[in-house]
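Worksheet: the structure to be examined is printed underneath.
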Amino acid sequence: MSAAKPELKNWKEYNRKRKELRKQWREEKLMKKMKKQELEKESKDESQEHVEGTRCERKDICTVSIAVPGSILDNAQSPELRTYLAGQIARAACIYRVDEIIVFDDKGDVTESERKKIRKDDALGEARLGCLQLARILQYLECPQYLRKYFFPIHKDLQYAGVLNPLDAPHHLRQMDESLYREGIVTNKPIKVGKGSQVNVGLLNEVHVDKVLMPGLRVTVKIPMEQPNSKKLKGIIVPPNVPRAEAGIYWGYTVKLVKHLTEVLTNCQYKGGYDLTIGTSDKGTLIDEIEAKSLEYRHCLIVFGGVTGLEAAVDVDPNLDVDDPSLLFHKYVNTCPQQGSRTIRTEEAILLTLAELRTKLVPKEITF
């Protein structure tokens with residue numbers, strides 16, 4: 001019996017030491033895990049700061065905006081021609097690298113008799129039929145083909161979209177086209193929490209981006225050309241104007257819908273507002289009298305009238321107390337002197353004006 005007691009004591013000592021070692025090992029493992037998490041967090045914060053810093057340093061761009069009344073569609077003789085007319089405006093804007101198209105109502109406030117004809121849209125708001133349809137078709141044409149089924153469900157305004165000529169803009173890429181930038185839609189495919197999102201950019205495989213975003217959101221993605229795995233592409237979310245600012249690539253236009261001419265001039269999405277506003281009319285200064293490269297701008301706005309001209313839009317605007325529309329603009333010009341026809345249609349005036357102003361406008365260099 002006396003020989004067994006020391007043996008029992010040794011086993012107890014052994015178990016005690018083993019428990020202490022195991023406890024120490026667990027504590028060390030926990031400390032390593034916490035340290036690793038801290039390092040990952042610091043690395044992520046530094047990476048985020050670097051990305052944000054890069055975005056802040058990017059250059060702004062000079063822009064050209066056009067404003068068009070939605071009432072011009074009411075002058076078309078059939079639904080097909082209404083659609084085709086909107087397509088002509090989109091084509092002209094794309095050809096001359098317009099950054100923004102503003103659709104405004106030049107018929108004044110809605111009367112009680114017209115109230116039944118007013119339509120309300122979740123995205124565009126409440127407006128007359130012509131304004132809503134023009135804005136919708138302009139948005140539809142600007143959107144890359146592979147994304148349209150996600151953003152544009154079947155709608156009466158797009159019933160005759162088949163007659164529209166494609167814009168063939170630089171961001172309307174085919175599957176086999178190589179490009180540093182692509183437009184995409186954030187998918188709802190499952191991914192690890194906090195590990196970014198998957199974006200459909202019109203390629204065979206989705207692109208994994210660095211940010212957690214809401215599914216269904218349209219985004220611009222920068223995809224580096226050199227990828228270690230072509231089936232697992234990685235990209236970075238960038239603002240939509242980065243392709244133009246960094247690479248000089250025209251990246252489409254935005255569409256805005258407003259109620260009055262006043263809102264066109266005052267509600268500007270760009271910092272500092274429009275520093276050059278141009279009104280178009282056959283009563284304006286002849287375009288030939290304006291010297292080449294004399295119109296400097298950072299953000300230029302060109303406003304077109306409807307069938308009855310800008311004068312009618314000024315008369316029905318409740319916020320304006322002027323009779324002469326030329327007082328509202330820096331320049332009020334006639335871009336087609338000695339015209340052979342008594343009238344120039346708005347879609348024709350847009351092409352004429354943008355072509356004539358190419359030699360007159362000169363963008364200012366934006367400095368910070």
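The values are calculated or read from the model by the stated rules, or taken from the named source; none is laboratory data. Just so it is clear, the structure is predicted and the values come from calculations on it, not from any experiment. Here the Cβ positions follow ideal geometry from the backbone for every residue, glycine too, while neighbour counts run over all protein chains shown.
Remarks
- Filter pass, V322 being over 26 Å from the mean Cα position of the chain (by Cα) and assigned to a helix (DSSP H, G or I): no
- For region 151-170, the condition holds for no residue, the condition being that it is of a type outside the set (D, E, K, R), assigned by the TED database to the domain that holds P79, more than 23 Å from Q88 (Cα to Cα) and loosely packed, with under 15 Cβ neighbours inside 10 Å.
- Qualifying residue in region 286-309 (condition: among the β-branched types (V, I, T), in the same structural domain as D106 (by the TED database), under 16 Å from F329 (Cα atoms) and surrounded by fewer than 20 Cβ atoms within 10 Å (Cβ to Cβ)): yes
- Residue that is farthest from K222 (Cα to Cα), among those in region 159-187 that are in a loop (DSSP other than H, G, I, E, B) and small (G, A, S): A169
- Checklist (1) buried (at least 18 other Cβ atoms within 10 Å of the Cβ); (2) of a type outside the set (D, E, K, R); (3) not in a loop (DSSP other than H, G, I, E, B) applied to C268, failing item: (3)
- Answer from K231, K256 - the residue that is in contact (Cβ under 8 Å) with a residue 60 or more places away in the chain and either assigned to a loop (DSSP other than H, G, I, E, B) or closer than 29 Å to G184 by Cβ (or both): K256
- Among the conditions (1) out of contact with any helix residue (DSSP H, G or I) (no Cβ under 9 Å at 6 or more places or on another chain); (2) at pLDDT below 95; (3) under 30 Å from S78 (Cβ atoms), D157 misses just one, which is (1).
- Residue within region 173-196 that is of a type in the set (A, V, I, L, M), within 14 Å of W251 (Cβ to Cβ) and under 16 Å from the mean Cα position of the chain (by Cα) present: no
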